[in-house]
Amino acid sequence: MDKKGGRSDHKINNLEKTSEKQPLTTCLFSAAFFGSLGSSFLYGYNLSVVNAPALYIKAFYNKTWIERYGEPIPPETSTLLWSITVSIFAIGGLLGALSVSLIIIVVGRKGTLLLNNCFAVIAAVLLSLGEVSRSFEMLIIGRIIVGVNSGISLSALPMYLGEISPKHIRGSIGQFNSILICLGVFTGQVLGLPELLGQESRWNYLFSFLAFPAVLQLCVLPFLPESPRYLLLERRDEVGAKRAFQRFLGKMDVSQELEEVQAEARVQENLNIASVLQLLRNPALRWQLITIIIIMACYQLCGLNAIWYYTNGILREAGFAEQLLPYITLSTGATETLAAIISGLVIERIGRRPLLIFGFSSMAVFFSLLTVFLNFQDSVSWVPYLSYICILAVIAGFCSGPGGIPFILTGELFEQSYRPAAFMIAGIVNWLSNFAVGLLFPFIQEKLQSFAFLVFVVVCILGSIYLCAVLPETKNKTFMDISQSFAKINKMPVPSPGQELELVLSIKPENNEKAQDIKKIESSF
């Protein structure tokens, strides 16, 4: 019996080693890059693109108002229109998050990404032609439509990347989402420089650029496979799933991957797509859901959006010359991109949990130091430079883990049938928190002045404590293994060793030889 049990363990180890040695294929890299380029890249770009032309857009609003009503726009109306233009992006994101679970069921993961490009192109046309048409309404409508695009992207893309990736590089592939968000922010900053498109005569071209990544994705993504898990578990298309695995993994024998997915299907309570209400009522997923809600809330409430929204104001108060601000802001985007790339390279060695805890903890430290330096910046001439270093450190800490891993975990912590509902809830929390920061931080800053960032210190510390106490490591684990990691905290029965071994080997009823081995091994427990 020991020999046979040892032989079975040897087979399992060989299968795992074979899987872990699979290289990154051109097909998988292309799907990750071009999928992210037309999705998360646009989200990052839209976070930064309105900063450079803000004065020109406000001037356009005033000019249009005069043409319509024969008088300058009242200051309070101008402020209201600009606030709506900026904040309605988050409202569009919320609408996209609410709709994504339905779209993704109907047209699939890849199909949702392709369909989503229509929103980007429509938004680009409206935002580009608003000035020519003398219609600030077109800009506002364009912003809400591109928000819908981002809301769909931040749910559909992580789901697609998580389902097409082998488990040993699932984190690295998932970080394409974060890297392209950062690259989008950086691109918006570069194109917004006065030497490029940050001029009164060119600012509308900043919005025309939105169509370029979308069209590029439309040209490439149709030739890449759909998620094999979606094809097998939801479309019941085993032939299509096999072809998709073969292209993504770069090998012909994908029987192990197919059996792993089928084993996952056998232990699921229901292969039908679950609703949000069913997810909320399922006790076996209670702590996974709580974890995602807390992580997504911390993702927005940890303070990075406040840094982005108010970077120029912070730098002015820190004593930097006005003409230097666009270039200093550019360095923050470069730091963000570099930190995200490094995180993507080390995530499979270090793990999700340590990177998240390190990211939130380091942000708490540097937000605290930033508060100290802002209070003493008028006392010593070199203190403003320390404030600037703290801003860069906060950004680097965020992108080392909290900037991308929450999206990866949303895909990893839930089974196939519950994943769309989980991403919908995560998206709602994400966009509501985003809106809350943009709305409330100016009032917090007005009341607390330089101590405003201490609010984010508290959020980061509480997030780190929760992650230390609850979140298990998920790197190099199957979706079934991750689900079983939460069984104890959810007070659900844990599978016996024999059941676990059967699932690993993906036993089929007709496979008598392996079935006999399992029975003999089970008898030893």
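Some points to look at:
- From the Kirkwood radius over Cα pairs of segment 43-169, Stokes-Einstein at 10 °C and 1.306 mPa s returns a whole-number translational diffusion coefficient of 100 µm²/s.
- Nearest-10 value in Å² for the accessible area of S165, using the 1.4 Å probe: 20
- When Y388, Y160, Y69 are compared by accessible area of protein heavy atoms, the largest-first order is Y69, Y388, Y160, using a 1.4 Å probe.
- Across L98, L126, L28, the residue with the most accessible area heads the list, and the full order at a 1.4 Å probe is L98, L126, L28.
- Rg ratio for the chain: its Cα radius of gyration over 2.2 N^0.38 Å, N being its residue count, equals 1.04.
- Selection from G108, A124, T64 lying farthest towards where the dipole of segment 57-198 points positive, charges on Cβ: G108
- Computed from the alpha carbon positions, the gyration tensor of segment 412-475 leads to an equivalent ellipsoid with semi-axes of 30, 18, 6 Å, biggest first.
- Farthest positive-ward along the chain dipole, Cα basis, beta-carbon charges - from F34, L191, S433: F34
- Here the calculated FRET efficiency for L102 and L280, from their Cβ-Cβ distance with R0 = 22 Å, stands at 0.80, rounded to the nearest 0.05.
- Distribution of pairwise C-alpha distances over segment 327-486, 5 Å bins, in %: 1, 8, 13, 17, 20, 16, 10, 6, 4, 2, 1, 0
- Cβ charges +1 (Lys, Arg) and -1 (Asp, Glu), total dipole of the chain, debye: 860
- Over the chain: helical MRE at 222 nm, DSSP H runs n ≥ 4 each giving -39500 (n - 2.57), nearest 500: -24500 deg cm²/dmol
- Put M138, M492, M252, M159 in order of accessible area, highest first, and with a 1.4 Å probe you get M252, M492, M138, M159.
- Segment 143-230: C-alpha pair distances exceeding 18 Å, %: 57
- Area of R286 that stays accessible when all protein chains are in place (1.4 Å probe, Å², to 10): 120
- Which listed pairs, of K242/K475; K110/K491; K110/K477, have C-alpha distances above 27 Å, in listed order: K110/K491
- Heavy-atom accessible surface of the chain: percent carbon and sulfur, 1.4 Å: 65
- Here the calculated FRET efficiency for A54 and F29, from their Cβ-Cβ distance with R0 = 30 Å, stands at 0.25, rounded to the nearest 0.05.
- The residues of the chain present an accessible area of 42 Å² per residue when probed at 1.4 Å with all protein chains retained.
- Heavy-atom accessible surface of V458, to the nearest 10 Å², is about 80 Å², with a 1.4 Å probe and all protein chains retained.
- The Cα atoms of segment 36-98 cover 45, 25, 17 Å along the three principal axes, with the biggest extent listed first.
- Share of pairwise Cα separations in segment 353-408, more than 19 Å, in percent: 34
The values are calculated or read from the model by the stated rules, or taken from the named source; none is laboratory data. Since we're looking at a predicted model, the values are computed, not measured. Cβ atoms come from the backbone with ideal geometry, glycine included; neighbour counts cover every protein chain shown. The area values use the complete protein model at the heavy-atom level, side chains included, leaving out ligands, DNA and RNA. Shrake-Rupley method; radii C 1.70, N 1.55, O 1.52, S 1.80 Å.
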